[in-house]
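Visitor: One structure is given below, represented as structure tokens, and several questions about it will come after.
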Amino acid sequence: MTDGALVDLVGITKQFGGVRALKGVDLSVRPGEVVALVGHNGAGKSVLAQILSGVFPPSSGEIRVGGKPVAFTSPSDARLYAIETIYQTLALADNLDAPANFFLGRELRTRFGFLDKKKMAEEAKKALADLNPNFTDIERPVRQMSGGQRQAIAIARAIHFQVQLLIMDEPTAALGPHETAQVGELIKRLRAQGIGILLISHDVRDVLRLADRIVVLKNGELVGALTAKDTNEDEVVDMIIRGRKLDANGAVK
Amino acid sequence: MQVTLSPLTLRLFVKPPLIPLLLLATFVDGFWSLGNLRTLAESISTDGLIVAGMTIVMIAGGFDLSVGAVMAMGGVTAVVLLPFGIVPAALGALIAGGISGFLSGTLVTRLRINPFIATLAMMVMVRGATLAYTDTRPVVGLDDTFLALGQGDPLPYAFLIMIVVMLAAHVLLYHRPWGRHAYAVGADERAAQMTGLKVNRLKIECYMLSGALAAFAGLLLAARLGTGSPIVGEMTPLTAAAAALIGGASLRGGEGSIMGALCGLLFVGCLINVMNLLGVPSYYQRMTIGGLLFALVVVEGLLQRARPR
């Protein structure tokens with residue numbers, strides 16, 4: 001494991017029936033560090049992210065938070081360790097409005113255990129306005145909202161509560177250039193606050209701009225780890241495509 | 001030209017056309033008589049408990065075909081336990097219904113069986129067990145308190161209980177986190193799971209609630225009839241589903257409300273009542289309810305195609 005890491009993944013494997021989606025992956029994220037996870041479709045990026053966010057357990061291997069082994073049986077377990085996730089699918093309930101989605105699973109209650117709808121609407125409105133000042137019409141089903149607004153809800157609820165590690169699975173896939181730039185700014189701001197970020201992305205240029213470290217997955221294996229400031233687009237793309245395996249010391253064979 | 005109707009107007013005039021039906025019913029002799037209104041109140045109150053449970057299950061994306069059989073089981077269980085007192089009888093019925101719901105919910109969640117198939121199996125099993133236990137004959141209970149529960153003046157007790165249950169269900173769905181989670185699970189189970197909701201547990205709870213309510217409805221019916229009959233409730237899943245669907249619930253889940261279900265219940269109840277007053281033979285009544293359900297499912301299917309999710 002890495003000293004001072006927020007989270008360590010050690011020897012993580014994942015088997016779906018006969019398919020080995022992950023074949024022993026080690027990965028650490030430190031506070032205030034942006035680690036980018038890149039690779040082709042099907043390389044295992046999302047599977048790794050979902051293991052870390054508690055959607056399903058690994059077949060073998062260990063997740064450590066602050067050096068201590070943990071076992072997540074659901075995403076609410078991961079949340080207890082301040083691990084929040086922005087899923088590629090956003091994981092919103094289309095029939096509920098923005099405040100309901102924002103607080104889904106951790107609703108504010110009145111003294112008698114009833115939903116405190118007024119307070120939730122106020123807090124959600126404030127949090128969403130922080131991300132997008134024009135986003136005020138929040139009390140309607142999210143199925144009626146634009147892709148950017150839906151993304152804003154998913155992002156806002158992930159960073160509103162206690163968060164130490166933020167997993168972002170393709171956070172800009174559905175966004176236009178302006179909104180993508182906003183997400184970039186947000187990542188920098190969160191990093192400055194000491195939050196660790198695991199960023200999963202296709203966009204190598206984005207990754208080079210935002211990440212401290214770049215980790216390359218291919219066919220469920222870690223094939224490379226690069227420092228963002230010492231590498232370039234060609235090298236990363238080359239590694240994604242050809243995938244060179246690392247030896248025990250982390251050097252390229 | 002687009003006409004916008006308030007939700008309440010829509011509820012009362014169009015979906016379902018409750019007020020038009022009531023106006024039409026004025027032409028039916030005896031509809032507005034006190035005796036008939038009482039009959040109507042009695043008949044919708046037991047079904048009302050079941051519609052409340054069915055609506056909750058449907059909001060969470062499920063369906064419960066076993067409600068009629070569980071109702072019969074609940075009535076029989078209550079009457080059989082009556083010698084031990086009315087409280088054990090009621091608890092026994094509730095527990096039996098809850099267990100049957102737990103089994104349905106377990107089949108649906110852990111074994112990933114389609115809710116229609118799972119609750120169909122439960123329906124046949126529960127009905128079979130009830131018929132076997134009673135040897136297909138009604139069990140008779142002669143406890144004064146119990147029989148009094150089937151009465152009530154001017155309003156039947158069962159009707160008051162139904163109103164209380166509907167109110168409680170409404171509060172559960174709209175003012176408690178649990179209800180909000182049920183809507184989220186019904187809309188997108190995977191998203192709900194990723195948000196950290198305990199999807200399986202919640203769905204099992206929905207089926208347990210539906211089972212317990214159906215069994216309690218059976219108890220009330222048995223109190224009114226003075227017997228626990230193993231053959232009641234054959235049409236109940238269909239009338240309850242029709243009422244829930246008319247009231248805005250959807251087979252896709254995530255939609256529906258108790259207020260809507262209440263309107264749907266009144267509509268279906270009045271329809272059956274009017275047919276009874278007109279002397280429509282029960283086979284034609286079945287055809288009508290079946291046709292109504294058919295039409296609702298077709299409309300829902302068309303809507304689903306028109307509005308890709």
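Visitor: Please list, by residue number, every one of the chymotrypsin sites (Phe, Trp or Tyr not before Pro) in segment A:35-118 that is coil in DSSP and has at most 11 other beta-carbon atoms within 10 Å. Let's see the in-between values first.
Guide: Numbers: sites: A:PHE72, A:TYR81, A:TYR87, A:PHE102, A:PHE103, A:PHE112, A:PHE114; in loops: A:PHE72, A:TYR81, A:TYR87, A:PHE103, A:PHE112, A:PHE114.
Those satisfying the criteria are A:PHE112.
Visitor: Can you tell me how segment B:37-112 classifies by the Cα gyration tensor, rounded, prolate or oblate, using a/c under 1.5 as the rounded cut? It would help to have the intermediate numbers written out before the result.
Guide: Details: a/c = 2.87, a/b = 1.24, b/c = 2.31.
Cα axes put segment B:37-112 in the oblate bin.
Visitor: Using the Kirkwood formula over every pair of different C-alpha atoms, what hydrodynamic radius in Å results for segment B:151-309? Write down the numbers at each step before the final one.
Guide: Working: mean 1/r = 0.0567 Å⁻¹.
Averaging 1/r across every pair of different Cα atoms and inverting gives 17.6 Å.
Visitor: From the square roots a ≥ b ≥ c of the eigenvalues of the alpha-carbon gyration tensor of segment A:98-160, which class results: rounded (a/c under 1.5), prolate (a/b over b/c), or oblate?
Guide: On the way: a/c = 1.95, a/b = 1.82, b/c = 1.07.
Prolate shape, in that a/c is at least 1.5 and a/b is the bigger ratio.
Visitor: Same structure again: State log₁₀ I(q)/I(0) for chain A at q = 0.09 Å⁻¹ as given by the Debye formula over alpha-carbon point scatterers of equal weight, solvent excluded.
Guide: -0.40
Visitor: Then there is this: What is the diffusion coefficient of segment B:7-301 in µm²/s, taking the Kirkwood radius over Cα pairs and the Stokes-Einstein relation at 37 °C with a viscosity of 0.692 mPa s?
Guide: Working: Rh = 19.1 Å.
Calculated translational D: 172 µm²/s.
Visitor: For the pairs A:LYS14/A:LYS68; A:LYS45/B:LYS198; A:LYS14/A:LYS45; A:LYS188/A:LYS229; A:LYS117/B:LYS203, note any where the Cα-Cα span goes beyond 18 Å.
Guide: Details: A:LYS14/A:LYS68 21 Å; A:LYS45/B:LYS198 25 Å; A:LYS14/A:LYS45 12 Å; A:LYS188/A:LYS229 15 Å; A:LYS117/B:LYS203 24 Å.
Violating the 18 Å Cα-Cα cut-off are A:LYS14/A:LYS68; A:LYS45/B:LYS198; A:LYS117/B:LYS203.
Visitor: Can you list the HN-Hα couplings for segment B:292-305, worked out from phi with the Karplus curve (6.51, -1.76, 1.60; θ = phi - 60°), rounded to whole Hz and with x for Gly and Pro?
Guide: Values per residue, Gly and Pro as x: 4, 4, 4, 4, 5, 5, 4, 4, 4, x, 5, 4, 4, 6 Hz.
Visitor: Tell me, what HN-Hα J-couplings in whole Hz come from the Karplus equation 6.51 cos²θ - 1.76 cosθ + 1.60 at θ = phi - 60° for each residue of segment A:163-174, using x for Gly and Pro?
Guide: Each residue's phi maps through the Karplus curve to give 9, 10, 10, 10, 9, 10, 9, 6, x, 10, 4, 9 Hz.
Visitor: Under 10 Å, Cα contacts only: if you run a Gaussian network model on chain A, which one of A:LYS14, A:LYS68, A:LYS126 comes out with the highest mean-square fluctuation?
Guide: Checking each option, the largest mean-square fluctuation is seen for A:LYS68.
Visitor: Which of B:ASP153, B:ASP188, B:ASP47 moves most in a GNM of chain B, Cα contacts under 10 Å?
Guide: B:ASP153
Visitor: Would you mind checking which residues have amide H under 5 Å from A:GLU33's amide H? H placed 1.01 Å from N; only 5 or more apart, or other chain.
Guide: Excluding prolines and chain starts, which carry no amide H, the hits are A:GLY196, A:ILE197.
Visitor: Pop out the ³J(HN,Hα) list for segment B:151-162 in order, Karplus 6.51 cos²θ - 1.76 cosθ + 1.60 with θ = phi - 60°, rounded to Hz; leave Gly and Pro as x.
Guide: Whole-Hz 3J(HN,Hα) from phi for segment B:151-162: 9, x, 9, x, 9, x, 4, 4, 5, 5, 4, 4.
Visitor: Say we join alpha carbon atoms closer than 10 Å with springs in a Gaussian network model of chain A; which of A:ASP97, A:ASP137, A:ASP169 then has the biggest fluctuation?
Guide: Highest fluctuation among the options: A:ASP137.
Visitor: Could I ask something else about it? Normalise the Debye intensity by I(0) for the protein assembly as shown, one equal point scatterer per Cα, no solvent, then take log10 at q = 0.12 Å⁻¹ and round to two decimals.
Guide: These q points yield log10 I(q)/I(0) values of -1.10.
All of the numbers you see were taken from the coordinates with simple rules; none came from a lab. In this text, all values refer to a predicted model and were calculated from it rather than measured experimentally. Cβ coordinates were reconstructed from backbone atoms using ideal geometry, including for glycine residues, and neighbour counts include every protein chain displayed.
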